Every structure is written in C-alpha cells, then in structure tokens.
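The values are calculated or read from the model by the stated rules, or taken from the named source; none is laboratory data. This one's a predicted model, so the numbers in the text were calculated from it and none came from an experiment. Cβ coordinates were reconstructed from backbone atoms using ideal geometry, including for glycine residues, and neighbour counts include every protein chain displayed.
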Amino acid sequence: MATAPHTYKSLDGISRSDIEALGIPSKLADQLHQKLTEIIVNYGAATSDTWRNIYRHILNPELPFSFHQMLYYGCYKDFGPDPPAWLPHPEAANLTNVGQLLERRGKELLGSRYKDPISSFSDFQEFSVSNPEVYWKTVLDEMNISFSVPPQCILRENAYGVANPGGQWLPGAYLNPAKNCLSLKSGRSLDDIVIRWRDEGDGNLPVKSMNLKELRTEVWLVAYALNALGLEKGSAIAIDMPMNVNAVVIYLAIVLAGYMVVSIADSFAALEISTRLKISEAKALFTQGLSIEAVTDRDVIIRGDKSIPLYGRIVDAQAPMAIVIPARGPGGSMRLRDGDISWHDFLGKVRNFKEYEFAAVEQSVEAFTNILFSSGTTGDPKAIPWTNATPLKAAADAWCHIDIRKGDIVAWPTNLGWMMGPWLVYASLLNGASIALYNGSPLGSGFAKFVQDAKVTMLGVIPSIVRTWKSGNSVAGYDWSAIRCFASTGEASNVDEYLWLMGRACYKPVIEYCGGTEIGGGFVSGSLLQAQSLAAFSTPAMGCKLFVLGDDGVPIPQNAPGMGELALGPLMFGASSKLLNANHYDVYFKGMPSWNGQILRRHGDVFERTSRGYYRAHGRADDTMNLGGIKVSSVEIERICNTVDSNVLETAAIGMPPPTGGPERLIIAVVFKDSSNSPLDLNQLRMSFNSAVQKKLNPLFRVSHVVSVPSLPRTATNKVMRRVLRKQLAHNNSKL
C-alpha cells in the first residue's frame, strides 16, 4: 500500500506494549488487545472480515488515530492493492434505494442473473447501460418525477446524427424541476423540514429550519417578484452569493419562473465575474452586501478569517441590475448604484401575493435552466448549459450511489457557482431529503458542531477540507454518529486522510464520486452495495460506460487492468449537448476513437483500472489542473504570473500531487530573462505570484512552490509541453 507512511506489524504481531506506546492507558490497552485477539481467532489476522469486525467492535473516534492506522495497515499488510475499508452488510444493503428496488424487481429486470442486491449490483449497472429505456423509466418513477407532458420515449439514439452523438433524451417531455422539488410526493408533508442552517458564530443557538410549506411560500414570492421585473422568459439571471437559504430560494424561484440561472462562485474576482456575465448575457444579478461606500465590516461577507466584499466586486465587474440582500440583518441604510434594487424593495412590490401559489413555467426538457462554467485550456471558461434533464441526472446519482432518501439530512460545503451547489439542491429535494447549510467557513469547529447539531446523515467533502480538519483536529469531541455515509468529489483523495475521516463517524463509508459540470453528475462512483476501498471508485455510474485508452488511443479490453486517458460512452443521460461559447462536438468528440460504431466522448482525466476492478484517478491529461476542487487552465494562471516581475521571461503553471497522494498543488516554473543568474528570491516571488493570482483570479488558489528552469520544453510548433515539465520536476524535485 503505497500511501502507508510506515511499515506496520501484522495484526498477530501486535502486543499490548505496542498499543500502550501509542499513549493508550495500560488497562484500556489490555482490553483492546484482548478484543483484537478474539477477532483474530475467529476471522484470521488478515481478512476483510477481520477489518470489518475491528472497526465495528474495537475502534472509536476517541482512540488515537495512530491506533486506527496500526490496525488497518496491520490487517492489510500483505493484501496488495485496493483493500476494502468498508464492506456492505446484507440487511443494510437491502434497505438502500437500489436494494429495495432489486428486492422487488430484480428477477424481472435481470432474469436468472439476479441473486441479491450485493451480488447483482454490477449486473444492474451493466443493465442500466444496455437497457437505458427500462432503467431510466424505472428510476424516474422511483423518484416520482412529474412531467406536465410525458416523454414520447426515453432515448432516440440518432436523433441529431453525427453532430450530437449523445442522442436525444426524453423527447417531447415538458417539466419544471423546481416545481418537482417543491411538490408533495413520496409521503412528504408540508410540515417536513427541508432546509436546516446555521450562521457562523451562532454555535450556541439552535439550528434554524424551514419546512416545505415555508420554502414554497418564499420561492413563490421571489418568483412573483422576478416576473415583476419584466424580463423576457428565458432570460439569464446570475447568482453571486454564499450558499445560504436565500440563495437556495432564489435559485428555485428563477427556475420555477422560467428563467435561467447563471452560476457565479462568491470567491471570484471582478474580472472573472465580468467574463461570466458577458458570456451568459445576464440581465440581472442577485448578490449580498450593503453599499458601494468604502468597505467596512458591514459591507463584507465574513467567512472564517476572510472578508469577501461581494457587492464591491459586482460594482467593479460592471454587472447589470443587481438585487442586493443585506449582508448582516435588515438594519442600516443601503447606498446602491443607480438601477440596483434592495432585497426589501424587490419583494415589497409583490407582498400582496405572499402565500399565493405561483404557476410554474413548464418548459421543454431541452430548455436551459442553468449556465455553469468549467475552465478549459484556452483561458476563457466553457459555458455549459444545464437543461431540464440535468437535475434528474444529479438526483438519480444521489438516489442510486449515495442513497439519499426521505429523512436524510444532506450537507456539502459548496457554492452555487460550482456544479455541486445545484447538485445539492436537486439531489436533496428531488429525493425528499433536507439540505443542511452552514453559512461560514467549513474548516473549523463551528462547522463540525453544526454537523452534530443538525444531525447530518450524508456529509459531502473535498479532500483539502478533510486535510484541514485532520491537521487542526477541529472535529474532535463532536458526535458524528448520525452520518450514514460520506461522499467525496472535486479532487484526488488520500488514503490516510480518508481512513481518519471514516473513523470520525464510526467507520461509515466514503462514496468517491467523480464527474463534471458538463455531465451534471458522475461517471464513476462508489456504492453502498459494494466494498469500498479508500481513494478509489468501485463502479461506473449508472447509465455510464467507461473506456481506458491505451497509448495508441484505442480502448484497452473491457475489465482489463491498465492506465490511460479516460473516455466515456456517448449515451449519458443528462450530459451536455451544447456549449454557449465553443463547438460542443469539437470539444468532446472530435478526434476520438469509436467503439461498436459509437464515437466515444472525451473527458481528459487519466484513470487506472486496477487488478481488483476499482478505478483510480491520476489527474488531468491536458493542461487543465484541479486546485481545491476547481478546474482551472494553466494559461489563466500563466497570464497573471508573466506580468508579476520584469525579470520574468515566461512561466508554466502545473498541478502536481504530493508524493503520498492527494490534491494537486500549484507549481510555477519560471524562466528568467537572464537564465544564468536568477535575480529574484524564489520564495519572495512565490508570495508575489500568490498575491496576484488570488487578487486577479481566485482567492482560494495558492502557489505551493516556484522553481527556476533554464527553458520550457516545447513541441515543434512551440507549444509548451507541461506534461513533460511535470515529469521532469517530479523526477528532479522529490521534495515538491
């Protein structure tokens, strides 16, 4: 196991004194050793059943993590790759969404292949690909999705010819996904809590909540107010604000009223905001702040130790008409730009409509409901439209792979500017669950207490957050036993850190989940019906077929181990078929190989299929990197760094994971104008790069290292070969 930091003893070689040496009192060490001995006698010293009994009967969050490591690495000392960190129990598996479906209809769907939910899960995944008509009708029925006009069929494969190899999904259907989020279905009542939240600093106050009746009333009122603006139906309306209750209400109201959300992350600098507003042609924007006067404590959004002057950035970005929500309570006067509207005045025009139901605007399944952005390699972000079908893909992934269902409380620190923000809204509400929102930084103990107090049952993370929790021990002492599972996405995870994470919740599984904004969800995932290995995916997502391309660009044999660029089967429900500012076919299909007469869809990550059938991610194959769960192109960063100092000739930005695995770190390679004598202190230059990148691009990005190189490797056509540079730095600079 490459990520194990030390060589550990096998379980049968661990003594009482070994346990005591970890700081565990003698009496407790004796009890733990006795339990361990009993498990070894019953299950052996090195089996997955041994580990399952260890985490069920010995380990708990109060014991030192070093003890958890000793037992995990000791159990799997000679196991080889992909040791299971969590195994499904048959009784619990039968109670999952998929388990219940298969228990009812397994033989009908899979015939004689069906045995039980755990044994037959892989067969069911293959069925979802080969029988999309049956699979997607079944799942949409299970989620009680309502259409004002039902689809004529599920899929027309060749509806658009070669221009769109993805086919046409749900042709003829009309629906409104926001209306579905607010509907009474699956036993849901108006009194059911649908949003729980807490503001940072309010840890001693009870968790606030909103029931379905209250959410509907708020959404309807905002929808009426949107209509009162007089914008043409289908107009783009941006949201640039924290992921709080108001943001969720506004998001649902925009979709309910037949407009199109433009998602902008609240961490973006003014230039990035402006770029997205221009591409989407947004007619209005929702934000949070107080005035355009000099920034004071009252004018900013506070998150942890950071102050975010949201409204000031909106002004600098020359945004269109802004509807501005007070950052801190209703008090205080607001001085806004001419043409901007305060939240109070925006709602005041339609107060008489409060509690009157708003008639949802039902649109074609192909109508755009949300514009999100994903960085490409050209500098400008790709503008990716989500249609009315995309929310159904997000919710179906949550239903199947993360097992979100009625009664669940789902927390995932994110923002509407990234796909996981809208994903969280739809994954929760379309499945009858409740959203848990923490209005503040997720890195400290305040968030950990919120998870405890809100009784979160599904906690979504990105690895960099987990690393901060672990290094700062900020979750110690909080009861996370209500959690049924974790989910992780956004960047490569680390085995040791995720072993620690599982231990905080008495070894509930981590469902690794990887996809993309253009997919509306995942293409590879985990499942509560399969053994889960840390930092690995156990299955292609439902309805998705994966291909690992060999060095010759041809898919290696299915189910054979290997590593290469990942390609996807073209027929994926909910995946994009258009881009606003690029040719969709050129971006995703041009130059790709075919399989069984179908041209494959480009994704761009390097993936490994292991000998035990798991999948592992190995970063981007192109020049787009992933920093803190945010995809960004090297070009965007290099444009900024090239202008920081007059001694810099050129730079190359690359992402490199640490030697032990985990999220990519940003490395800047610098060529100086006088290559024989580097005139600058590299650490000082790193700080200058940091300041410029955070100010002009994203305050969440951080330059980890700066290295001086005599020249950049280039192709015959003078293109920088960043992959070659990455290999050179990895070989020559092991400390990076």
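Quick notes on this structure:
- For the stretch 603-623, a tally of residues being at pLDDT below 85 and part of a loop (DSSP other than H, G, I, E, B) returns 3.
- Pairs, first part of a strand (DSSP E or B) in the stretch 661-673, second among the aromatic types (Phe, Trp, Tyr), C-beta under 8 Å, six or more apart: 666/701; 668/689
- Among (1) in contact (Cβ under 8 Å) with a residue 24 or more places away in the chain; (2) surrounded by fewer than 20 Cβ atoms within 10 Å (Cβ to Cβ); (3) out of contact with any strand residue (DSSP E or B) (no Cβ under 6 Å at 6 or more places or on another chain); (4) not hydroxyl-bearing (Ser, Thr, Tyr) - the single one residue 205 does not satisfy: (1)
- Of the listed requirements (1) outside any helix (DSSP H, G or I); (2) without any contact (Cβ under 8 Å) to a residue 40 or more places away in the chain, residue 226 misses just one: (1).
- Per the listing 451, 456, 410, the residue uniquely under 14 Å from residue 487 (Cβ atoms), in contact with a helix residue (DSSP H, G or I) (Cβ under 6 Å, 6 or more places away or on another chain) and of a type in the set (Val, Ile, Thr) is 410.
- Among residues of the stretch 626-640, those that are in a helix (DSSP H, G or I) and either of a type in the set (Ser, Thr, Tyr) or over 28 Å from the mean Cα position of the chain (by Cα) (or both), counted: 1
- Scope the stretch 346-362; condition at pLDDT 95 or above and among the acidic types (Asp, Glu); matching residues: 357, 362
- Meets criteria (buried (at least 19 other Cβ atoms within 10 Å of the Cβ), at pLDDT below 90 and more than 30 Å from residue 132 (Cα to Cα)) for residue 633: yes
- Unmet requirement for residue 474, which otherwise passes all of (1) touching a Pro at 6+ places or on another chain (Cβ under 7 Å); (2) modelled with pLDDT under 95; (3) more than 24 Å from residue 626 (Cα to Cα): (1)
- Any chance residue 345 is charged (D, E, K, R), over 17 Å from residue 252 (Cα atoms) and part of a helix (DSSP H, G or I): yes
- For the stretch 252-272, taking the residues that are under 22 Å from the mean Cα position of the chain (by Cα) and not aliphatic (A, V, I, L, M), the one that is nearest to residue 361 (Cα to Cα) is identified as 263.
- Residues of the stretch 157-188 that turn out to be of a type in the set (Lys, Arg) and modelled with pLDDT of 95 or more, as a count: 1
- Residue within the stretch 430-441 that is assigned to a loop (DSSP other than H, G, I, E, B) and more than 30 Å from residue 388 (Cβ to Cβ) present: yes
- Total residues in the stretch 94-153, condition closer than 24 Å to residue 182 by Cα, over 27 Å from the mean Cα position of the chain (by Cα) and hydrophobic (A, V, I, L, M, F, W, C): 2
- Among the residues making up the stretch 644-660, those that are closer than 14 Å to residue 628 by Cα and either not hydrophobic (A, V, I, L, M, F, W, C) or not assigned by TED's automatic domain parsing to the domain that holds residue 690 (or both) are 655, 657, 658.
- Residue count, the stretch 653-672 (criterion: buried (at least 23 other Cβ atoms within 10 Å of the Cβ), over 22 Å from residue 494 (Cβ atoms) and not β-branched (Val, Ile, Thr)): 2
- Selection within the stretch 643-652 - under 31 Å from the mean Cα position of the chain (by Cα) and either without any contact (Cβ under 8 Å) to a residue 60 or more places away in the chain or surrounded by fewer than 17 Cβ atoms within 10 Å (Cβ to Cβ) (or both): 651
- So residue 688, is it under 25 Å from residue 269 (Cβ atoms), more than 29 Å from the chain's Cα centre (by Cα), surrounded by fewer than 19 Cβ atoms within 10 Å (Cβ to Cβ) and modelled with pLDDT of 85 or more: yes
- Verdict on residue 176 being closer than 29 Å to residue 357 by Cα and surrounded by 15 or more Cβ atoms within 10 Å (Cβ to Cβ): yes
- In the stretch 296-328, residue farthest from the chain's Cα centre (by Cα) [restricted to those that are surrounded by fewer than 20 Cβ atoms within 10 Å (Cβ to Cβ), β-branched (Val, Ile, Thr) and modelled with pLDDT under 55]: 296
- Residue check, residue 126 surrounded by fewer than 20 Cβ atoms within 10 Å (Cβ to Cβ), outside the structural domain of residue 53 (by TED's automatic domain parsing), more than 14 Å from residue 527 (Cβ to Cβ) and not basic (Lys, Arg): no
- Where residue 596 falls short, out of the listed (1) more than 19 Å from residue 519 (Cβ to Cβ); (2) more than 16 Å from the chain's Cα centre (by Cα); (3) in contact (Cβ under 8 Å) with a residue 60 or more places away in the chain: (3)
- For the stretch 258-268, the criterion of being surrounded by 17 or more Cβ atoms within 10 Å (Cβ to Cβ), among the hydroxyl-bearing types (Ser, Thr, Tyr) and in contact with a helix residue (DSSP H, G or I) (Cβ under 6 Å, 6 or more places away or on another chain) is met by no residue.
- Test: residue in the stretch 364-374 that is among the charged types (D, E, K, R), surrounded by fewer than 20 Cβ atoms within 10 Å (Cβ to Cβ) and touching a residue at least 12 places away in the same chain (Cβ under 8 Å): yes
- From the options 71, 59, residue that is touching a residue at least 60 places away in the same chain (Cβ under 8 Å), hydrophobic (A, V, I, L, M, F, W, C), touching a Gly at 6+ places or on another chain (Cβ under 8 Å) and surrounded by 17 or more Cβ atoms within 10 Å (Cβ to Cβ): 59
- Restricting attention to the stretch 3-29, the residues that are charged (D, E, K, R) and either surrounded by fewer than 14 Cβ atoms within 10 Å (Cβ to Cβ) or touching a residue at least 60 places away in the same chain (Cβ under 8 Å) (or both) total 3.
- In the stretch 274-290, the residues that are closer than 20 Å to residue 223 by Cα form Cβ pairs under 9 Å with partners that are of a type in the set (S, T, N, Q) and modelled with pLDDT of 95 or more, at six or more places apart or across chains, as follows: 282/235; 283/235; 284/235; 286/246; 288/244; 288/246.
- Residue count, the stretch 544-568 (criterion: surrounded by 21 or more Cβ atoms within 10 Å (Cβ to Cβ) and in a loop (DSSP other than H, G, I, E, B)): 2
- From the list 450, 523, the lone residue that is assigned to a helix (DSSP H, G or I) and farther than 26 Å from residue 54 by Cβ is 450.
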